[in-house]
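The values are calculated or read from the model by the stated rules, or taken from the named source; none is laboratory data. These figures come from a predicted structure and were not determined experimentally. Neighbour counts are summed over all protein chains in view; Cβ atoms, including those assigned to glycine, are modelled from backbone coordinates with ideal geometry. Note: accessible area is taken over every heavy atom of the protein model, side chains too, but ligands, DNA and RNA are not part of it. Shrake-Rupley method; radii C 1.70, N 1.55, O 1.52, S 1.80 Å.
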Amino acid sequence: QSFGVKEMQSDLLMIKAEYKAKENAVLFDVNDAYARVIANKKLTELYVTAFIPQAKEAMDAALKGYEVNTTDLLTLLDSQRMFLSFKLDYFKAILDFKIALADLEKACGSDSAGVKESDGGNIPYENK
């Protein structure tokens, strides 16, 4: 009988260790996904508030300069390329945000995972 008790105690310790390992893995997944959600939300906000508007201004200035013959075509094309590149990167950041949000929902086992639409579930897009 003593052997049976020791075997059950050993099984219990093994089960507790497995539980703790799974708990740690879930906590890691939640923290990792949450950090990616926040980072990508901030990045998309930077694109909307800084990168895209500045690239648009540079492109507009280059266009005006080209129209009055003070800027060459290569400068205009380069500013347009930069503007489009920032917009593409913005959409990639939105994609990364949505993937991170889905990973967070999966790790938490729920939809929305406590992230409200106003907290970043709805990323703004400004067509500039």
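Structure notes:
- Residues satisfying the stated conditions in region 20-65, i.e. more than 16 Å from ASP96 (Cα to Cα), small (Gly, Ala, Ser) and within 17 Å of the chain's Cα centre (by Cα): none
- Residue check, ALA25 touching a Ser or Thr at 6+ places or on another chain (Cβ under 7 Å) and assigned to a helix (DSSP H, G or I): no
- Condition broken by ALA55, with the remaining ones in (1) buried (at least 18 other Cβ atoms within 10 Å of the Cβ); (2) out of contact with any helix residue (DSSP H, G or I) (no Cβ under 6 Å at 6 or more places or on another chain) satisfied: (2)
This table checks each residue for (1) open to solvent by 90 Å² or more (accessible area, probe 1.4 Å); (2) hydroxyl-bearing (Ser, Thr, Tyr); (3) free of Cβ contacts under 8 Å to residues at least 24 places away in the same chain.
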| residue | (1), (2), (3) |
| --- | --- |
| SER2 | no, yes, yes |
| ALA17 | no, no, yes |
| GLU23 | no, no, yes |
| PHE28 | yes, no, yes |
| VAL48 | no, no, no |
| MET59 | no, no, no |
| THR70 | yes, yes, yes |
| THR75 | no, yes, yes |
| LYS92 | yes, no, yes |
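- In region 105-115, the condition of being at pLDDT 95 or above, buried (at least 18 other Cβ atoms within 10 Å of the Cβ), of a type outside the set (Val, Ile, Thr) and not in a loop (DSSP other than H, G, I, E, B) is met by no residue.
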